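The block underneath contains the structure these notes are about, expressed in structure tokens.
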Amino acid sequence: MDLAPLLRPRSVAVVGANDRPGSYGDVILRNLAAAGFEGAIWGVNPKREEVHGRPCVASVAELPEPVDAVVVAIPAAACAPVIVEAGERGCGGAIVIAAGFGETAAGRPLEAELLEAAARTGLPVCGPNGNGVVSVAARAPLWGDSVERLTPGPVAVITQSGNFGVNALGSDRGVGFHTVVSTGNGAVLEPGDWLEALAATEGVGSIALMLESDGDGGRLTSALALCAERRVAVAVLKVGSSEGGARAAGAHTGALAGDQRVFAALLKEAGAAIAREPSELLELARALAVPDARPRRRGGLAILTCSGGDSGVAADLAEERGLELPDLSPGTRERLAEILPSAATVANPLDYTSMLWDDHEALAEIGAAVSSDPGIDQLLLLFDQPRGLDPEIAAGWERVKRALLAGAARGDAATILGSTLPELLDPDGAAELGAAGVATAAGLGAAIACAAALRTPAADPKRLRAIALAAAGAGGEPGDAEDLPAAGGLGEVVVKGLLAAGGLGVPSGAIAVDVAGAVKAARELGTPVALKLSSPALIHKSEAGALALDLRDQAEVREAAARLLALPEAADATLLVERMAGDGVELIFAVRRDGAVPALLVGLGGIWAEALDDVAVVPLPASADRVERALRSLRAAPLLTGGRGRPAVDLGAAASFGSRLGELAVEHGLDLLEVNPALASPGGCVALDAVARRA
């Protein structure tokens, strides 16, 4: 769908136009007038010939010409017929403000009607139950709340929370907005659709996404790929969780790889910045929109402040974010020692003390020295500018800021100007600095977050498109493997047969139907052996007492088999006898397809999987190299690489095991394929236990 008519409208019709103060029809017309919208504006109201000096017609069908944007500001029950009229009249798109649709049980039929109307006519529809679209660049605030006249800038916002959009537009922080979209229920257009459209829109430097649900992960990932290709930065605040996480909670995977973790792994692949709260989201988007704000060479972050307390807090926050604060070079230290007062200590962070406040030349030299340090590629200047100062005093503060920035510009470190408290960043100055290539951030925490985000490596569009393809078409049809059930859970015996056929290692084993059969199988396999019950319902065998390990003679096998076959779970289970696999490190490998995108989870496995929560998530497709990097990122990685004198496992074999597991899950259309534990050893990797489920 072409969303340009809604993002850059040249003509507008307001359905439900009126002059009743506070009504949507009234507010939207007032917004357009206040913004100075230059295109044609029509009212649609069968009871009026004009509203606010604008001509009115009785219906959309009677518009003298098709308009780009139809704003539907009437009750929910009457909206779907208007969408049909707008599509048949040839209008470009529609915005439905009203609530009372799919967000409530009673409104779901109305949303279905709306969706059908849009599908029948091919009309792009924003909403329902949203605030609309504000195109600052086009001076077109098609918005259900009052909007002040705004100065256009490079930051676009897509939000599933209408209130966040209202607050963003009303915030006094100097963020230059390009477009703000409130998606509402997203019945027709999801955030991914808007992201793709805005990524291709001229003048957009960054996009802030405020998401309450995953939506269509494939569409979102395709849009993220376009952002990467066009170098449009993305910052995301993700809240809530999906039904997929609850559905998977019966397996280890559900507890370890909830939808938030899968979504975060996708964002990492996309090079997106992840915000922790709404204010930080806006600050990240503002900083990321500055083209020259990213470091231009390899190095670390330096922090300059006139406060010892601020420098300590900044260092703590930088460590939390994994930011390196390198020691300054000997040459820089010597240069600073000549400038700084004796009370100052040359370090990073650098507290140059307030004693130099009026020495602008010295401040410039300090900025230049640190910015020119060969080990520093990024410089955070902390500067608080109180509001309401007398003009003469304010001018003095401004000279201090200019001196620090002028000095920093003499070096080649990318500079960020941040305040310690959000309200102490001058909003007008922030907009000016952004245009000059200097990123700004309101608040110390946000400043550190921006520094980290600006260091994030660029995403690989090809990798993102591969993930999008897996999300859109992952998995075969339920009938693509005749020996597997069309739907439901698969027991260990069936899953291990699938793994073995797919080239993955499983222990030698046999099926027994009684105690005598178990003893015979153990004798043929050779002890020690393991006995376990296998059924689709048995996910946590150890908790059910449905396994016995390291059985070394016939008596132990006979006793264990009798105990297992007497359990209630044995009624619908198979008794599996397997040779013990030996020593190694227990891992978990699991593929799940009910998150935002199909993903492979890797981590420390066995009975400690949930307790230790030491996992990494790799969106599919997952090459062996990617899986190995994920394994090396675990806290338990030293157990795999020979730490504390332990033998190193065959990490390549373990990585190939995980990669192939992802392929098998896709090939057989499995919603869940989990191996826990897999035993990694110097000799390879084998699946000790496994379960699967088909959607």
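Bear in mind that the values in this text are calculations on the coordinates, not laboratory data. Nothing here was measured: the structure is a model prediction, and the numbers come from that model. So basically every Cβ, Gly included, is an ideal-geometry build from the backbone, and we count neighbours across all protein chains shown.
Overview of results
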{"item": "Reciprocal mean inverse distance between Cα atoms of segment 365-433 - Kirkwood radius, Å", "result": "12.6"}
{"item": "Value at 222 nm in deg cm²/dmol, rounded to 500, when DSSP H runs of n ≥ 4 in the chain each add -39,500 (n - 2.57)", "result": "-11000 deg cm²/dmol"}
{"item": "Distance violations [Cα-Cα > 25 Å] among K268/K401; K268/K462; K238/K496; K238/K541", "result": "K268/K401; K238/K496; K238/K541"}
{"item": "Size of the chain as Cα extents on the principal axes (Å, biggest first)", "result": "93, 79, 35"}
{"item": "Tilt relative to the chain, helix 515-525 - C-alpha long axis, 0 to 90 degrees, to 10", "result": "80"}
{"item": "Mean projection area, nm², convex hull over Cα of segment 1-145", "result": "7.7"}
{"item": "Sparsely packed trypsin sites (Lys or Arg not before Pro) within segment 616-684, loop by DSSP, other Cβ within 10 Å at most 14", "result": "R635"}
{"item": "Using alpha-carbon coordinates, inclination of helix 308-320 to the longest axis of the chain, degrees", "result": "40"}
{"item": "Normalised per residue, the volume of the convex hull around the Cα set of segment 600-664 (Å³)", "result": "82"}
{"item": "Mean projection area, nm², convex hull over Cα of segment 69-172", "result": "6.8"}
{"item": "Additional length obtainable on full extension of the chain from R644 to D583, 0.36 nm per residue less Cα span", "result": "20.4 nm"}
{"item": "Relative contact order [Cα under 8 Å, 6+ residues apart], the chain, whole percent", "result": "10"}
{"item": "Positive dipole terminus of the chain, leading residue within T179, V618, V166 (C-beta point charges)", "result": "V618"}
{"item": "Set of lysines near K520 by C-alpha distance (under 18 Å), chain-local residues within fewer than 8 positions excluded", "result": "K532"}
{"item": "Centroid-to-centroid separation of segment 84-146 and segment 621-676 [C-alpha atoms, Å]", "result": "46"}
{"item": "Percentage, to the nearest whole number, of Cα pairs in segment 508-579 over 20 Å apart", "result": "17"}
{"item": "Whole-angstrom gap from segment 29-63 to segment 448-467, using each part's C-alpha centre", "result": "44"}
{"item": "Helix 651-667 axis, angle to the chain major axis (alpha carbon atoms, nearest 10°)", "result": "80"}
{"item": "Semi-axes of the equivalent ellipsoid for segment 585-694, Cα gyration tensor, largest first, Å", "result": "22, 13, 13"}
{"item": "Mean separation of Cα contacts under 8 Å (6+ apart) over length of segment 508-579, as relative contact order %", "result": "51"}
{"item": "In range of the label at I393: residues from segment 277-316 whose backbone nitrogen is under 20 Å from the point 7 Å along Cα→Cβ", "result": "306-307"}
{"item": "Relative compactness, segment 300-454, computed as alpha-carbon Rg over 2.2 N^0.38 Å", "result": "0.95"}
{"item": "R0 of 51 Å, Cβ-Cβ distance L424-A695: FRET efficiency to nearest 0.05", "result": "0.45"}
